[in-house]
1. Need the full-extension length gain, residue B:484 to residue B:24, defined as separation in residues times 0.36 nm minus the C-alpha distance. One decimal, nm.
2. So for segment B:475-543, what are the equivalent ellipsoid semi-axes in whole Å, largest first, each being the square root of 5 times an eigenvalue of the Cα gyration tensor?
3. Taking the radius of gyration and the Kirkwood hydrodynamic radius from Cα positions alone, what is the Rg/Rh ratio for segment B:386-508, to two decimal places?
4. Quick check: the angle from helix B:488-502's long axis to the longest principal axis of chain B, C-alpha only, nearest 10 degrees?
5. How would you classify segment B:367-426 from its alpha-carbon gyration tensor, with a ≥ b ≥ c the square roots of the eigenvalues: rounded for a/c under 1.5, else prolate if a/b is greater than b/c, otherwise oblate?
6. Using only alpha carbon pairs under 8 Å that are at least six residues apart, calculate the relative contact order of segment B:19-95 and give it in whole percent.
7. At a 10 Å Cβ-Cβ cut-off, how would you order B:494, B:383, fewest neighbours first?
8. Can you pull the semi-axes for segment B:332-432, root of five times each eigenvalue of the Cα gyration tensor, sorted largest first, whole Å?
């Protein structure tokens, strides 16, 4: 069975990456292949990398409050590039009411801080 | 039935360093560490300054209540700053939005969605003028901004503001963080390659040394951002970063006692952990190690070079779950900071894990410091009141030994810059986070409201605070107008001189100050510096 490939990324200017790195590590420990893109990715770069790397899921971390512009942009670009069926998920500092809005827009799941990472691993395995 | 042998539960200090703790400590613990008062402690005000820089610490001057704050448009920020001061804040550190921190303007393509979000939107001196309208900056105990990669620009903003108000630089207590090295390891607001970045940050220190501005704090070497690596790594990283700046400044022709008194220490006391004794020990080790480095390695003679001060930033491991628990956490963290002898302290607000703080939360954060200041006796009236505690002295010595070992490890790698570039700092930070987070998920590390005392299905509350949704549009409009109103010829001329100076060994502050006064923007000034130094291109990404 093909190993799942997941993109883990930080979008925008926020550089607090401990959460994203933790997610990357825990996913790798669980046998999932992770492409970690590091800091300061734009939605365009993320979607292009997702295309190039032929990923099964796109994970995005944002703590700066820029999530309501970043996630919708990623979703839109995915549709435009014909990969609108790749699940987009993420976490960071995202208020509960924005989580609702993002999921309505098509983000598959948002994991608030301190989420048990076993849940994220479970989620990714079921993608 | 075979007898069950229960393993005794072990107790550890709270940081990732996890110092094993005995049931109780006695004078024999001092003896085993060869504790000699004069050598290990000295009185407060005596080398090695473990107990603090002054015998009469808070009696001479209480710690400064600084609030790190800022969001949205400068006008809104001005309103909040006035309110903070009315609640009793004594100093203001501007939280500026991420575009400023990475040297770009609000209308840059990478600023989309970021404008005014986790700090106030600032593009030029005009925004600083608006943010501090009707605020007498000379009456503030401290004023400044984090300004890590943009140290000279941040400093120039406040020099320019002072000048416009007819104030001399000696009258304004400007404080910057300005520790750019750590940005490459963690936090991520770097702009230029590392070596020019060190030169840029050091220019602010050199400027203050040359212009004789001991009222300013141009550089706070930071351990706090690496605190998840564990206490002895945190201190070792800060010290090695400090030595990188110091070595650079000395190589440019300065003597240690010309400038070392301008350095401050920014450790995570009361920030990641509220283990009182480990936090207080951390501060004492910071002071002791700095003093030894100054005296033994650099031959410093001036007591002000050798006895450093600590700045505090109390987050106390705040959680988004059951956020009101954070009120207790922040009070405990602040208490540890006071017992540790911080000279200035920002207390975070209980709702900040959710969003930017609401007004009542900000007031409460200030009141927390007020309660500490006015309602405790021995904490504020006695210097290093925990000094002599068998536990504290044991922890202090154990941490110190580990710090020296860690400093040697970093130096064997070639020093701070080499170690950061190799990814060593971030590896240690990640190792610490991975360890402690696993403990939280396994349940061996209690976190109230997260893995303890939480109902199944319990959600997190929604933070109240939201910025004006029109912020980005209005700021970009304002920037367009600014560009029309200012003297373009003068702006261009001052920017040209910034570029020239960047290519020389001259201090960047005078030309940047000239550009700032003509309302050159942060992005425009940084573009000149990028033309000379290039941009940082990240090394191998986390594997």
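Every read-out reported here was derived from the displayed coordinates using simple, explicitly stated rules and does not represent laboratory data. Model, not experiment: these values are computed from the prediction. Every residue, glycine as well, gets a Cβ built from its backbone with ideal geometry; the counts of neighbours run over all protein chains shown.
1. Values: separation 460, 0.36 × 460 = 165.60 nm, distance 6.99 nm.
158.6 nm is the gain from fully extending residue B:484 to residue B:24.
2. Numbers: eigenvalues 132, 68, 14 Å².
Sorted largest first and rounded, they come to 26, 18, 8 Å.
3. On the way: Rg = 26.2 Å, Rh = 22.0 Å.
That ratio is 1.19, to two decimals.
4. In chain B, helix B:488-502 runs at an angle near 50 degrees to the longest axis.
5. Values: a/c = 4.92, a/b = 2.06, b/c = 2.39.
Cα axes put segment B:367-426 in the oblate bin.
6. Values: 61 pairs, mean separation 15.7, N = 77.
About 20 percent, as a whole number.
7. On the way: B:494 23, B:383 20.
With the sparsest Cβ surroundings first, the list reads B:383, B:494.
8. Working: eigenvalues 221, 112, 20 Å².
Largest first, segment B:332-432 gives 33, 24, 10 Å.
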